[in-house]
Structures are given as structure tokens and as C-alpha cells.
Amino acid sequence: MNFAFSKYKTLLYATVLSLLTTPAYPSVGDLKSTDVSPWVLQIGYFSQLDNALAFRESLSAAGVEAQVVALGEPGLQYYQVISGRAEAPDELEVLNTAIETQTGERGFAVRSPFQSSTAEPVFDEPRSLYLMAQAAPPVGTEGAAPMRVSGYDPGLNRTPQEEIDSMPGFTVGGMPIIPTLGLSLGYDDNITRASRDEIESWFYMISPAIRVELPSDRSVLSLIAAADIVRYEDSPVDDRDTWYLRGDWTYDISQRQNLGLFAEYREGADRRGEGRRQGDAGLVPIDPDEWERFGFGGTWDYGAVGARGRLTIDAGAWDLEYTNNREGLTPDDPGTTALDRDWWYAGGTFFWRVAPKTSLLADYRYTDMNYKTAVDSDSEIHTWALGVTWEASARTTGRIQYGNQKRKFADPTKEDYSGPAWMANVTWRPRTYSLFTLQGTRSTQEPNGNGDYVLRQDITLSWLHDWNDRFGTHVDVGYGEDDYRPNGRTDDLFYWGVGGRYAFNQHFRFGASLNGYDRDSADPEFDYKRMVFLLTLEASF
């Protein structure tokens, strides 16, 4: 299981003012924060404002008036779609039945959000001057071939009830401060991903983190510090620490322009069985390959909401340097010095709206990869794609793009690559509390000492479901292929995960998961099977 505080994909949500619409029949349209009615009917719950507004729009088209309310602190907001008001939950049943008859959606009674000081009505207008922040730009991954990870990440595609009143934090001088702590106990039956002589052990992980927001009228600065401290009972050589610092600044320049900048520093390690330490090399009892990585960059977005065209341009640079195991395992092994590299990237996406919720897109990215000692591995990567993005309804959203990637090496003796590259991300909500996500990619990755490059393909299907406002489950299954070129090694990897989480209250959550991995390689040395069991207690203050 992954944790919101240990795998941050930082999201900064819009916070705005005023009310939506005046309802045609009893609903919360005329509720104020001083209203004494303690119950409302929650029909939907979203982590993205656009999805909440789209869902409200679909309800309105069916004759149901509803309101969107923002909850939480800046940078950690979520959005309720609510209707009705009553002194007791059972008084909302007639309205609930009528909505289900009209739309097929059924809600449930919850405490009125206006009784909480964190509730704000949402002002439904494009790119308001009250806009505090946009989503932070995605972090580039061109410099590494990340291991597949099965398991639930509450920071991604969370179902509606997952973060109800979560991470309350506190405010000092107008700055929201959110400290969190994760305590985990797990069991790994194949720590080094070995085909033989498997090493198994119990382990524990301590994951502290803190997030600070510095908001102003048209911008917000977000600062995050986090760590994962992992200790193995029967294999102390695999103990590791990961430290993470990141800052994001977003600025609402105008109704047409937005700017987002980031800087990130991380210290981590390639565990035995990863990177250059795969197969039998992972059984050598020396410390994991430790590294430091620093990066910075930004995104500029141009185009008003509702405009026919929109342009997004992003650029950044990263530096990766290993700090131990500089000498190789054998005389022919250069050690981690051969993995040191830096790279920079630049690109953009042009969106052309062809329907109210559908846009065609053209995407291009250039990456310049430079190794510090293994200069024959330097390369230039050009990737372009055409695609479509849509929000057909509150139930279905997606982005699919297909194109070509070219990797040209500085060394003329190395074989260049030119071939298809694609990406897909489709989500489907049969109910507001249930979410299916289908993701897929194909692109080249850095080989970390195994060949000249890796052609990687992945497809993953996940299902998140909240059975009530405290308990939810997740199931995910994935399949991947790695083609190490030109040495002829090919790997097929099947991975899956199941788990659940229970929220005791707004401060404490408990989770359990079981994840499995099965790799079948053309070289039997790299075959492995692995199971990881994990129990986790998350606390926020």
C-alpha cells in the first residue's frame, strides 16, 4: 500500500466564493453557514472541482437542483454535491427516492457541511480572480525506469468518501499546516526479487511528513517535507531511508494565463533487485545503491476556460547522482558512476475543443539525456502524439494519445529507436462512491545498466469502492512488458493488489493490503515471484 504522505503527487485545488444556483424545490441553495438544519443529502463527492461541477450539471439536466460545496484547507480541498436540508436523516428519504427515480443516482444523509468552518460554497464561473491555485505540473520520469507498484494510493483517483474530514491540520498566521505520520508493519517474502535463495523478512516503516501552504490573493506556495524510514528484522543490509523536499508555486496571472513552478530534492535508494542489481547481482550482501536527485521546472497554461483553443508549455531539468557503491561488483562493472546523469526537457500540448466536454490534442516533448561518465549512452528523445481528452459525463472521463518516439544516441555504434508511443487514462464512476480506472503506457526508459534502453509497456485496471463513509476497498491488476535492447532480454510482469482502509475519525485511519508480483524473463536469472503484506496506521493532526 502506498501513502499520500510518502508518494506525493502534489495537487493544488481551486478555492472560490459565492453560491451556484437558486434551487427550484427544497434544497441547500438558500443555506447559509448559520443555518441550523443539521442534515443534507450528499449525491456526489469529488477531489476535482471540474468533475463536481460536471456532475451537478448532469443532475440539473435531469431536473434535479444541487449545490457544490468546497471542504478542507487550501491545497487539500474536496467537493460535495448536495441537495435538500432537514432536521433528521429520515426526512430526506422522499427527496432521495425522487432523485434516484430521475437520475439513477442515490445519495445518503450527511451532516450539513455549513456547520463546519471549513465549508465554502463554490462560485461557478470560469477562471475567477479568486482562483488560488491550479494543479501542480507532473514530475518528469524520463530519467529512470520506475518499478511497477501495486497497491492503493489515496492521493490518486480516490473515491468520494475516502478523505472526508481528513488531514484537518491547523492554521498559524493564515498558513495551513498539515503534519502526518504513518506507521507500517509488513512482511516481504522475496526482498531482492530473486529467482533462487529468496530472502524474506518482517519490516516496519515510519513515514513522517509536513505540508505548509502560503496563500495569497492570486497565488499559493506549497512546501512539503517527508521521509520513509524502513527497517528489516532479518535483513538489515536492506534498511533504507528516503528523504523528500518539494516546493510548488502557482500564480493566477490572468483569466487566460496560469503559471506553475516547482523545485524538488530527494534522497533515496535502488533496492537490491532493482536497477543494476537485478537477478543474481541482487543477492550480493552490500548496501542498496543510494542516490540524490534534484530537479526544477514549470508549466505555463494559456487559454480561458471555454475557449476553443488552449496551450500548455512545460520545461524542467533534473540531476541524478549516486553516492555509494562507486566501485563495481566485478572488474567489468563500473559501479554506480555509470548511472550518474542529468537531463532537461521541454514540450507542450495544444488542445482544440470540438465539443463542450471534448478536445482534440497535439503533444510534443523533447528530452536531452546526458551521462556524466558513460557518455556513449547520451541520447536525444523526441516524442509526439495526437489524441483526445473528454469528460463525457460526471461518470466517464479520459485522455488517450498515440504517436511516435525517437531516441537517437550520441554514439553512432548504438542502434537508435523509432516506434509507437502511447498513453491512456480512462476513469468510470458507476456510482459516486465507486471508481474504475484503466491506465496504459508505451515508451522507452533508461536501462540502469541493463542494455542501451528499455522499451516498456504497461496496462493497469483498478477498482476503488467505498462501502460506507468509513470503510473502503481497492483491487488492482496490471501487466507489463520490458524489452531490454539490444541484448535480447524480455520480461513479462504480472502484478496485483487487494486491500482495505478504515477511517476511525478525521485523525486516524487503518489500512491493510496484500500485493503480488510474478516476473517471467527470457533469461531465467531474472524470474521471480514476490508477495508483500502490509498493515498501516495513518495519523494526521
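The values are calculated or read from the model by the stated rules, or taken from the named source; none is laboratory data. The model shown is predicted, which means the values in this text are computed figures rather than measured ones. Note that each Cβ is placed from the backbone with ideal geometry, even for glycine, and that neighbours are counted across all protein chains shown. The accessibility values were calculated without ligands, DNA or RNA, using every heavy atom of the protein model including side chains. Shrake-Rupley method; radii C 1.70, N 1.55, O 1.52, S 1.80 Å.
Leu261 contributes about 80 Å² of solvent-accessible surface, heavy atoms of the protein only, 1.4 Å probe.
Taking every alpha-carbon pair under 8 Å whose residues sit at least 6 apart, region 448-541 reaches a relative contact order of 21 percent.
Start at zero, step by 5 Å, and the Cα-Cα distances of region 289-360 spread as 4, 14, 16, 11, 10, 9, 9, 8, 7, 6, 4, 2, 0 percent across the bins.
Between the beta carbons of Thr373 and Arg308, assuming R0 = 51 Å, the FRET efficiency works out to 0.55 to the nearest 0.05. One chain, two ends: Trp463 and Glu233. Fully extended at 0.36 nm per residue, the span grows by 79.5 nm beyond their Cα-Cα distance. Computed over region 447-532, the percent of Cα pairs more than 21 Å apart is 47.
Label-to-label distance, Ala346 versus Glu380, with points set 7 angstrom from Cα along the beta-carbon direction: 1.2 nm. Using the Karplus relation 6.51 cos²θ - 1.76 cosθ + 1.60 with θ = phi - 60°, the per-residue 3J(HN,Hα) values for region 417-427 come to 10, 8, x, x, 9, 8, 8, 9, 8, 10, 10 Hz, with x marking Gly and Pro. Counting only protein heavy atoms and a probe of 1.4 Å, the accessible surface of region 185-237 is 58% carbon and sulfur. Assuming charge only on the beta carbon of Lys and Arg (+1) and of Asp and Glu (-1), the dipole of region 247-293 about its Cα centre is about 180 debye to the nearest 20. The solvent-accessible area of Phe504, taken with every protein chain present and a 1.4 Å probe, is close to 100 Å². Per-residue surface analysis assigns Ser60 an accessible area of about 50 Å², computed on protein heavy atoms at 1.4 Å probe radius. Simple spin-label estimate for Ser434 and Glu91 gives 3.2 nm between the two label positions (7 Å along the Cα-to-Cβ direction from each Cα).
Amide H contacts of Asp523 (H built 1.01 Å from N, in plane; Pro and chain starts excluded): Thr490 sit under 5 Å, all sequence-distant by 5 or more or on other chains. Within region 321-426, the proportion of C-alpha pairs whose separation exceeds 20 Å stands at 57%.
Residue ranking by accessible heavy-atom surface, 1.4 Å probe, largest first, among Val40, Val375 comes out as Val375, Val40.
What the Cβ-Cβ distance of Lys408 and Ala62 gives, at R0 = 51 Å and to the nearest 0.05, is a FRET efficiency of 0.40.
Full extension of the chain segment joining Phe494 with Phe471 gains 5.5 nm, where the gain is 0.36 nm per residue of separation less the Cα-Cα distance.
Stretched out straight at 0.36 nm per residue, the stretch from Gln445 to Tyr187 would grow longer than its current Cα-Cα span by 89.9 nm. Diffusion of region 214-305 by Stokes-Einstein, at 25 °C in a medium of 0.890 mPa s and with Rh set to the Kirkwood radius over alpha-carbon pairs, works out to 152 µm²/s. Put simply, region 440-483 fits an ellipsoid with semi-axes of 34, 10, 7 Å; these come from the alpha carbon gyration tensor as the roots of five times its eigenvalues, largest first.
Applying 1/(1 + (r/R0)^6) with R0 = 25 Å to the Cβ-Cβ distance of Arg196 and Asp332 gives a FRET efficiency near 0.65. Only Cα pairs under 8 Å and 6+ residues apart enter the sum, and on that basis the relative contact order of region 448-492 stands at 43 percent. For the set Tyr302, Tyr371, the ranking by accessible area, highest first and with no ligand, DNA or RNA atoms included, is Tyr302, Tyr371 under a 1.4 Å probe. Between Arg399 and Asp241, the simple spin-label model (points 7 angstrom out along Cα→Cβ) gives 3.6 nm. Per-residue 3J(HN,Hα) values for region 237-246, derived from phi via the Karplus relation 6.51 cos²θ - 1.76 cosθ + 1.60 with θ = phi - 60°, read 5, 8, 4, 8, 10, 10, 10, 9, 10, 8 Hz in sequence order (x marks Gly and Pro).
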